[in-house]
Structure formats: structure tokens, C-alpha cells
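Since the structure comes first, as C-alpha cells, the remarks are kept for the end.
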Amino acid sequence: MGIGSGCTTQEARATGRGQATALLEVAAARQQVAEHTGVTIPLIADGGISGPGDMVIALALGADTLMMGNVLARFTESPGKAMRNTAGELVKEYWMEGSLRARNHRRYAQLPELFFEEGIVGHVPHAGSIYDKLPVIVQMVRAALATTGCGSIDALHTHAVLERQSPVALQDSQIHNMVPVHSV
């Protein structure tokens, strides 16, 4: 498990890993198990995924599937009430599994009377219907696979090249020296 958007486990228990580090280390251990047993254990990326770019990075680091609570919580079809925040924007309720709202004490082997929080309750921007947005997200992931020259997630696991970018390169990857025109 990496770091979820509203996860406080690292503060509450001083445990946890960055998502990329967790994926790299578990993928390496999984490979060793596969070499010794012939069994490949599926790897799930859990935490830190906020959009298609993060999805592709997690898959490139070895994940077979993704938990995307923050991404999916934004849609009309997700649990949680839709409401307007103080700025008048439409938002959806979103709570972490370790929050008081979820009270998932059994997962953490806690007695109900000794429950302590490891996540917050908050809001995420409403993104509309998943039926409208999911095809675009899938297309963005497919486009990333095409850009990398990989036709599948297995190929991405094998052939992906991830590079560390300098702060200047990250800045240059953003819109710069232009003022965007918002289309109607």
C-alpha cells in the first residue's frame, strides 16, 4: 500500500511507503517468487493514483491492477452524497477506509472501543457520470501505451522506461509561454 489521498497512516503509525517504492520492491519480490515457484502473484497498486498518468506509471512499475478510490469517488455513481461546497462547486463525499466514517476496525485488528483513525473524510470535485468519462480515461491509457510502443500491460511491465525529471524538465512539461484559450 502506498499513500492514499486522505490516508493518515504514516502520521498515526509511522508506517507506509511511497507508492512507486512500494511497487518497485514488491514487483522485484514477486519476480523472485515466480522464478522459484512458477506462480506469478497479481500486484495491486493501492494509493496515490489520481488520474490516467498515475495509472500508467503504476502499471509501468509492475502493477497488474489499480485501486483508484479518489478517481472513482468523483463520479455520480460512486457512494457518497453530492453537494455544493462553500464556493458553490459540486463535490462528492469521500472517505478513507481507515476513517471514523468507515469504522473498518476489523481490517486493522482493532477493538471497536480502541479504534483510531488512519484516514480522513472529505470531498472531491464531482466529475459527472463514469459512463461519460471512463471511455476517455481508457483512451488516455491506450494512448500512453502506444507512445511507449507497448501493446499491452505485460509489454509495459517489460519495456517501460521511467526517467527521473529535473524540476526544470517538469516545469517545461507544463503549459508555458502561452495563454490557453478555453474553447466553448
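Data table
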| quantity | calculated |
| --- | --- |
| Output for region 1-27, where each listed residue is small (Gly, Ala, Ser), part of a loop (DSSP other than H, G, I, E, B) and open to solvent by less than 70 Å² (accessible area, probe 1.4 Å) | Gly2, Gly4, Gly6, Gly16, Gly18 |
| Filter result (open to solvent by 50 Å² or more (accessible area, probe 1.4 Å) and acidic (Asp, Glu)) within region 74-104 | Glu77, Glu89, Glu97 |
| Output for region 28-38, where each listed residue is assigned to a helix (DSSP H, G or I) and over 15 Å from Gly62 (Cβ atoms) | His36, Thr37 |
| Residue match in region 113-129 (condition: surrounded by 10 or more Cβ atoms within 10 Å (Cβ to Cβ), more than 19 Å from Gly4 (Cβ to Cβ) and hydroxyl-bearing (Ser, Thr, Tyr)) | yes |
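Rundown of residues vs (1) at pLDDT 95 or above; (2) over 20 Å from the mean Cα position of the chain (by Cα), yes/no style:
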site: Glu25; (1), (2): no, no
site: Glu35; (1), (2): yes, yes
site: Gly51; (1), (2): no, no
site: Pro79; (1), (2): no, no
site: Met83; (1), (2): yes, yes
site: Val91; (1), (2): yes, no
site: Trp95; (1), (2): no, no
site: Ser99; (1), (2): no, no
site: Arg106; (1), (2): no, yes
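The values are calculated or read from the model by the stated rules, or taken from the named source; none is laboratory data. Every value quoted in this text rests on a predicted model; they were computed, and no experiment measured them. Positions of Cβ are backbone-derived with ideal geometry, glycine not excepted, and every protein chain shown enters the neighbour counts. Remember, those area values only see protein heavy atoms, side chains included, never the ligands or the DNA or RNA. Shrake-Rupley method; radii C 1.70, N 1.55, O 1.52, S 1.80 Å.
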